[in-house]
Structures are given as C-alpha cells and as structure tokens.
Amino acid sequence: METETKLNVYLFQPQYAVEIRNENTYWLPYSAGCLWTYANTVPEVQERYRLVELGFKREDPKDILERMQTNPPDVCGFSCYVWNEKYCVELAHAVKSVYPKCKIVFGGAQANARFLDYDFINSVILAEGEESFVDFLTSIQPARLYEKRRLSNLEIPSPYTSGLFDKLLEDNPNALWSMTFETNRGCPYACTFCDWGGATYSKVRRFDLERVTEDLEWAIGKP
C-alpha cells in the first residue's frame with residue numbers, strides 16, 4: 001500500500017520542560033513509543049497506518065493544528081497523566097473540532113471511564129495499552145472502553161533500539177533528554193503513593209536481559 005493512502009496517526013505524551021543549567025530537559029515519550037513500536041509489528045497496522053508525529057511537549061494547540069494541515073489526522077492517541085490531563089483534553093477537543101472524523105483514544109495512568117463523558121473522545125484504554133491499541137486500530141468498530149489487559153510475553157521491541165526516537169533527537173538538537181529505563185512490569189505490593197502502570201497486586205514480569213542491556217547501551221551511545 002502506498003504511503004499516501006495510509007491513515008495518519010499522531011501520538012501525544014506532552015510534558016513541561018525542566019530547565020537544567022539554562023537548558024531544557026525533556027523525557028522521551030516512552031509510553032507512546034511502546035504503543036507504536038508494538039503496533040507496528042502487526043502486518044495490518046503496517047499496511048494501513050503510518051505514524052506522523054510523536055508529540056512530547058506542550059505547544060499551543062493552534063500550532064499543532066497548523067502542522068496537521070499537511071497530513072490530516074485519522075487517529076490521535078493521548079498518554080494522559082495528572083500533569084497533562086487538562087492539556088490533553090483541550091488539545092483533543094481542538095483536533096476533533098477541526099477533524100470530526102478523527103478517532104480520539106486516551107490511555108495512560110490517569111485514564112479512566114469518566115473520560116468517555118467527553119463526546120469528542122472515542123475510546124479509553126486502561127492499564128498496559130499495547131494489545132488494546134492494536135485492537136483499536138484494527139477493529140471495524142473499536143470498543144469504547146478497553147478493560148485492563150497485561151502482556152503475557154514481554155519479548156517485544158524497544159522504542160529505543162528500533163530507531164523510533166532517532167528523528168525526535170535529530171529535530172531537537174538543543175534539548176537534553178531523560179529516558180524511562182524499563183526492566184520489568186508489575187508489582188506484588190500496593191503502596192498508596194505509587195501506581196506502577198495500574199499493575200499493582202500483580203505478578204512481576206521481566207524484560208529479557210539482552211533487551212535491557214541494549215537499551216542501556218543505546219542511551220550510553222547517545223551524545
């Protein structure tokens with residue numbers, strides 16, 4: 001299938017910049033990156049969709065909408081946390097107002113069923129989102145609410161070593177970057193101050209040591 005016939009996907013994991021020594025530091029959008037890296041292993045997704053942009057910082061929604069004119073969005077996904085909830089909702093509403101056929105999906109630690117009260121949000125994904133996001137992209141009629149699902153096998157590609165973030169780094173040469181270094185998922189405890197991806201009181205699953213090592217070597221090798 002030719003690129004121009006593919007559906008355009010935008011993923012957003014917006015954050016504030018942290019200023020260190022007069023330089024802006026951002027976190028690489030790891031959660032959104034995991035979704036796309038996993039989804040892109042599915043042939044149907046490869047054939048039908050392309051990722052246009054990984055949004056990692058707060059921008060004026062007008063600027064984002066202006067960029068979207070070149071590649072109008074068919075799907076917009078938002079990784080939602082307590083520090084970006086209101087911004088994500090505002091941006092999603094702005095996108096839907098201009099592109100009413102665009103499918104809007106919310107996930108992340110802050111996501112819950114109440115987001116469906118917004119008529120411009122099509123679906124909400126709870127907890128680990130990889131498998132549910134694939135279902136959302138490949139279903140004729142996506143579910144409104146995807147209940148908690150966990151990956152039974154963590155032999156999945158890394159957004160770091162797959163090259164997903166390379167263009168992001170190239171396009172933002174003056175930014176300093178931090179990364180999420182994920183070695184496992186799940187936790188047998190339920191501390192009140194912590195939410196480990198909604199996977200508390202659950203079996204710990206570990207990433208293969210080779211993948212963990214490769215992620216660390218990727219980070220060491222970056223300037």
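Would you confirm whether any residue within the range 160-178 is of a type in the set (Lys, Arg), open to solvent by 60 Å² or more (accessible area, probe 1.4 Å) and within 22 Å of residue 56 (Cβ to Cβ)?
Scanning the range 160-178, I find at least one residue that is of a type in the set (Lys, Arg), open to solvent by 60 Å² or more (accessible area, probe 1.4 Å) and within 22 Å of residue 56 (Cβ to Cβ), so the answer is yes.
In the range 132-152, what count of residues is obtained for those that are surrounded by fewer than 17 Cβ atoms within 10 Å (Cβ to Cβ) and under 16 Å from residue 202 (Cβ atoms)?
Qualifying residue count, the range 132-152: 5.
Give the residues of the range 123-143 that are among the aliphatic types (A, V, I, L, M) and at pLDDT 95 or above, sorted by residue number.
Hits for the range 123-143 are 124, 125, 134, 137, 143.
Pull up the range 16-32, narrow it to residues that are in a loop (DSSP other than H, G, I, E, B) and modelled with pLDDT of 95 or more, then point me to the one that is surrounded by the most Cβ atoms within 10 Å (Cβ to Cβ).
29
Determine which member of the set 79, 123 is closer than 18 Å to residue 40 by Cα, open to solvent by less than 50 Å² (accessible area, probe 1.4 Å) and not acidic (Asp, Glu).
79
Which one of these does residue 46 not meet: (1) at pLDDT below 95; (2) open to solvent by 70 Å² or more (accessible area, probe 1.4 Å)?
Exception for residue 46: condition (1).
Output the qualifying pairs, or none if there are none: Cβ atoms under 8 angstrom, residues six or more apart or on different chains, first residue in the range 59-81 and under 18 Å from residue 129 (Cβ atoms) and free of Cβ contacts under 8 Å to residues at least 40 places away in the same chain, second residue open to solvent by 40 Å² or more (accessible area, probe 1.4 Å) and in a loop (DSSP other than H, G, I, E, B).
That search, which allows pairs on different chains as well, returns 80/109; 80/110; 81/109; 81/110.
Out of the residues in the range 169-187 that are closer than 16 Å to residue 127 by Cβ and in a loop (DSSP other than H, G, I, E, B), state the one that is modelled with the lowest pLDDT.
Step by step, filter the range 169-187, then rank; the result is 186.
Can you spot a residue in the range 144-158 that is assigned to a loop (DSSP other than H, G, I, E, B), among the β-branched types (Val, Ile, Thr) and modelled with pLDDT of 85 or more?
Among the residues of the range 144-158, at least one is assigned to a loop (DSSP other than H, G, I, E, B), among the β-branched types (Val, Ile, Thr) and modelled with pLDDT of 85 or more, which makes the answer yes.
The values are calculated or read from the model by the stated rules, or taken from the named source; none is laboratory data. The model shown is predicted, which means the values in this text are computed figures rather than measured ones. Glycine gets a Cβ as well: all are built from the backbone with ideal geometry, and neighbour counts include every protein chain shown. All accessible areas refer to the heavy atoms of the entire protein, side chains included, with ligands and DNA or RNA removed. Shrake-Rupley method; radii C 1.70, N 1.55, O 1.52, S 1.80 Å.
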